[in-house]
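What follows draws every value from the coordinates through simple rules; no lab data is involved. Note that the structure is predicted; figures quoted are calculated from it, not measured. Backbone-built Cβ (ideal geometry, glycine too); neighbour counts: all protein chains shown.
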Amino acid sequence: MTESESPRVHLPPIVVLGVQPNDPPFRLIEVAGEVIGKAHSVLDVIEIARVIGMEDADLDDPDVVRWVGGDKFTWTSWRLSGRSRGKEHGEKSAKGEKGEGPGETRRHHRWRS
């Protein structure tokens, strides 16, 4: 088989890498083979797609998005760090009482590094 006859490997424009254990967990996003930032939810992936010109990106289409280490519903790590376990048992975080509460939202793009 010659090189021209060999099958081409197609990489989708967006690759969402596996969950990184952090507080909060995130997934790194690659566009055209370059890491461009982080996503904390599928909404961040939609925003990245919009910014790169893919207004109506179908996140279920493997020709558009490749999900590594889980699908679009996977946003937590199976491994719990010591900080995560402590919070589950009612311990306060190192940040104290400040931070985002249930009704508060971030006003910046979290997916940018």
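In µm²/s, what is D for the stretch 9-77 at 37 °C and 0.692 mPa s, where D = kT/(6 pi eta Rh) by Stokes-Einstein and Rh is the Kirkwood radius from Cα pairs? Reported coefficient: 276 µm²/s. Taking other residues whose beta carbon is less than 13 angstrom from the beta carbon of residue 62, and scoring Lys, Arg as +1 and Asp, Glu as -1, yields -3. Within the shell defined by Cβ-Cβ distances under 12 Å, the residues around residue 14 carry a net charge of -3, with Lys and Arg each +1 and Asp and Glu each -1.
Only bridges whose two residues both fall in the stretch 9-77 count here: according to DSSP, what percent of them are antiparallel, nearest 5?
75
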